[in-house]
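First the structure, in the form of structure tokens, and then the observations on it.
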Amino acid sequence: MSQITSHILILSGPSGVGKTTVWETLHTNYTDRLEKIITTTTRPKREGEIEGKHYYFLSREEFQFCIDSGDMIEYALVHGNYYGSTFKELERIVGLRKYPLYIVDPQGMVHLKPLLEHKWYTVQTFFLLPPSIEELRNRLSGRGTEQSDHLELRLANALVEMEEQDFYDHKIINTTLEETVESLANAIFSK
Ligand code: ADP
């Protein structure tokens, strides 16, 4: 497949800052220009999950074949299951003439960026920040997925992760969804 663009976007930021929410609106507004890179995994499919939408589900043997044939950009073993992303997926999105976008935590970005640059892709990175720690606390607890001791741990992690913000090309504060999506789109499309 011919390389139309080799520009890849990475959206990162602490857990609960709003990456998924912002992405959903960004994607709705720019469906024809942006596509999220879908993770490939050996984790069994859960009820309601759709192949090619939530994940690409592979057997252990199939995943190993992707590793051996050099198709994995990166992968990790998490709780006994493999997760990773493939060059095939990247090229699928590039072939649609869209920008591929990764959503990763800050550790993921540190790992991923050099791997992509090593393969000659250009990478544009975005760090999403909460308006305040108090607001991050509200959003994490509003999500309803955290127990309170877990919440404090997430907040402590978020503070550490936020120290990495200066390593990113763009820092965007997730104020209102509308403003944030507009700032992100301006940064992506005016490059
Ligand atoms: P992440 O993917 O970074 O972990 P989520 O997208 O799950 O974060 O968002 C965490 C919570 O914050 C969700 O309850 C979401 O509805 C809320 N949220 C995200 N962005 C905003 C925003 N701009 N204003 C208000 N609430 C937001």
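The values are calculated or read from the model by the stated rules, or taken from the named source; none is laboratory data. Computed from a predicted structure; not experimentally measured. Heads up, the Cβs are rebuilt from the backbone with ideal geometry, glycines too, and the neighbour counts pull from every protein chain shown. Surface accessibility is based on the protein's heavy atoms, side chains included, excluding ligands, DNA and RNA. Shrake-Rupley method; radii C 1.70, N 1.55, O 1.52, S 1.80 Å.
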Exactly one of Leu112, Leu140 is open to solvent by less than 30 Å² (accessible area, probe 1.4 Å) and either touching a strand residue (DSSP E or B) at 6+ places or on another chain (Cβ under 8 Å) or not in a helix (DSSP H, G or I) (or both), and that residue is Leu112
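Yes or no: Leu177 within 16 Å of the chain's Cα centre (by Cα), among the aliphatic types (A, V, I, L, M) and modelled with pLDDT of 95 or more?
no
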query = Is it the case that Asp149 is open to solvent by less than 50 Å² (accessible area, probe 1.4 Å) and among the acidic types (Asp, Glu)?
reply = no
* Could you check, for the range 119-126, whether at least one of its residues is within 16 Å of the ligand (Cβ to nearest atom), among the hydrophobic types (A, V, I, L, M, F, W, C) and modelled with pLDDT of 95 or more? => yes
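Out of the range 85-103, which residues are within 11 Å of Leu34 (Cα to Cα), more than 16 Å from the ligand (Cβ to nearest atom) and in contact with an Asp or Glu (Cβ under 8 Å, 6 or more places away or on another chain)?
Residues of the range 85-103 within 11 Å of Leu34 (Cα to Cα): 93-94, 96-102.
From what's left, more than 16 Å from the ligand (Cβ to nearest atom): 93-94, 96-100.
Result: Ile93, Leu96, Lys98, Tyr99, Pro100.
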Of Leu155, Leu101, the only residue that is under 21 Å from Leu26 (Cβ atoms) and in contact (Cβ under 8 Å) with a residue 12 or more places away in the chain is Leu101
Residues of the range 6-20 being touching a strand residue (DSSP E or B) at 6+ places or on another chain (Cβ under 9 Å), near the ligand (Cβ under 6 Å from one of its atoms) and open to solvent by 10 Å² or more (accessible area, probe 1.4 Å), in sequence order, are Gly18, Lys19, Thr20
Picked from the range 160-177 (must be touching a residue at least 60 places away in the same chain (Cβ under 8 Å) and in a helix (DSSP H, G or I)), the residue farthest from the ligand (Cβ to nearest atom) is Met162
Scanning the range 109-162 residue by residue, the ones that are among the charged types (D, E, K, R) and over 24 Å from Ala76 (Cα atoms) total 8
Matching residues in the range 127-137 (away from the ligand (no atom under 11 Å from the Cβ) and either among the small types (Gly, Ala, Ser) or open to solvent by 70 Å² or more (accessible area, probe 1.4 Å) (or both)) number 2
Those residues of the range 21-49 which are over 15 Å from the mean Cα position of the chain (by Cα) and open to solvent by 80 Å² or more (accessible area, probe 1.4 Å) amount to Thr28, Asn29, Asp32, Arg33, Pro44, Lys45, Arg46, Glu47
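Report, by residue number, each residue of the range 118-137 that is β-branched (Val, Ile, Thr) and part of a strand (DSSP E or B). Steps first, please.
Here is the first cut: in the range 118-137, the residues β-branched (Val, Ile, Thr) are 122-123, 125, 133.
Listed by number, the residues that qualify are Thr122, Val123, Thr125.
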